[in-house]
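Here the structure comes first, spelled out in structure tokens, and everything after it is commentary.
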Amino acid sequence: MGTQGTPADVREAILPKAEKEDVERRSNELKARARAMREEANARHAQEGVRCWQEFLVSDCLEKARQDQKAAERAAGRLEADAADLDRELRNRERDARRAAADARRREDAVRASETARESKDEERARAQRADERARDAQTRKADAERDAIRQTQRDADKAAARARKATDAAAQVAEQKRQNAERDRRIAERDRKRAERERKTKQAPTPVPTPAESNVEKR
């Protein structure tokens, strides 16, 4: 039967078109802001990652960049949660509108059925009840599927974040090891240079010339 025969005042009173469009607009704006925030955070994190390798304290710089990105991700997540709340509110109101419309149709059908055929009243009521149960079952399955999808998305995001942290930590460790090796090589080279300088100065020192007094003593 669809929405045909549903009183217009029922649909408009429960879910006005203008209000629905306003909720959808606000939700889309929040999602767009969250998307832009996340893209900006990722770009800034990539830039900071490059800059940090030029700093002396690479690990501290990378950690700060990572914390900044996390903060931006949390802010974007809050915007997405607000958008999800608006979407959920809209879905709930649409569901209520559908149920109210279904109730109105059932009432009209009951009146017509009672006027034309008293004997079919029980069957009509049973049929309407089964339809309502199927609608509730379908709605429940849909809600369960949406929750499962959200949870899976969160799990995937957590795994991706863990992999990114692991890769960043490994890169930081390699860089720190290279820095330590370079510092050790520098100290060894400096020590060798000083030793060579001392040896050169020792070889270049002039041989002492005996004084006349020392020569007379040797002749005696």
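Observations
- Unmet criterion (only one of (1) of a type in the set (D, E, K, R); (2) modelled with pLDDT of 85 or more; (3) exposed (fewer than 13 other Cβ atoms within 10 Å of the Cβ)) for residue 9: (2)
- Going through (1) more than 21 Å from residue 23 (Cα to Cα); (2) exposed (fewer than 15 other Cβ atoms within 10 Å of the Cβ); (3) under 33 Å from the mean Cα position of the chain (by Cα) one by one, residue 81 falls short only on (1).
- The single condition from (1) acidic (Asp, Glu); (2) closer than 25 Å to residue 32 by Cβ; (3) exposed (fewer than 13 other Cβ atoms within 10 Å of the Cβ) that residue 122 fails is (2).
- Count of residues meeting criterion [closer than 13 Å to residue 42 by Cα and either β-branched (Val, Ile, Thr) or touching a Gly at 6+ places or on another chain (Cβ under 7 Å) (or both)] in segment 53-81: 1
- Of the set (1) surrounded by 10 or more Cβ atoms within 10 Å (Cβ to Cβ); (2) over 26 Å from residue 59 (Cβ atoms); (3) basic (Lys, Arg), all apply to residue 186 but (2).
- The listed residue being over 30 Å from residue 179 (Cα atoms), among the basic types (Lys, Arg) and at pLDDT 85 or above, out of 112, 106, 118, 125: 106
Each row is one residue, and each column tells you yes or no for (1) touching a strand residue (DSSP E or B) at 6+ places or on another chain (Cβ under 8 Å); (2) β-branched (Val, Ile, Thr); (3) under 30 Å from residue 135 (Cα atoms); (4) surrounded by fewer than 14 Cβ atoms within 10 Å (Cβ to Cβ).
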| position | (1), (2), (3), (4) |
| --- | --- |
| 53 | no, no, no, yes |
| 60 | no, no, no, yes |
| 76 | no, no, no, no |
| 85 | no, no, yes, yes |
| 94 | no, no, yes, yes |
| 100 | no, no, yes, no |
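- Residues that are part of a helix (DSSP H, G or I) and farther than 21 Å from residue 101 by Cβ, drawn from segment 113-140: 115, 116, 118, 119, 120, 121, 122, 123
- Qualifying residue in segment 62-73 (condition: part of a helix (DSSP H, G or I), under 15 Å from residue 168 (Cβ atoms) and hydrophobic (A, V, I, L, M, F, W, C)): yes
- Selection status of residue 23, β-branched (Val, Ile, Thr), touching a residue at least 40 places away in the same chain (Cβ under 8 Å) and more than 30 Å from residue 173 (Cα to Cα): yes
The values are calculated or read from the model by the stated rules, or taken from the named source; none is laboratory data. These numbers were taken from a predicted model, which means no experiment stands behind them. A quick note on method: Cβ atoms are made from the backbone with ideal geometry, for glycine too, and the neighbour counts reach across all protein chains shown.
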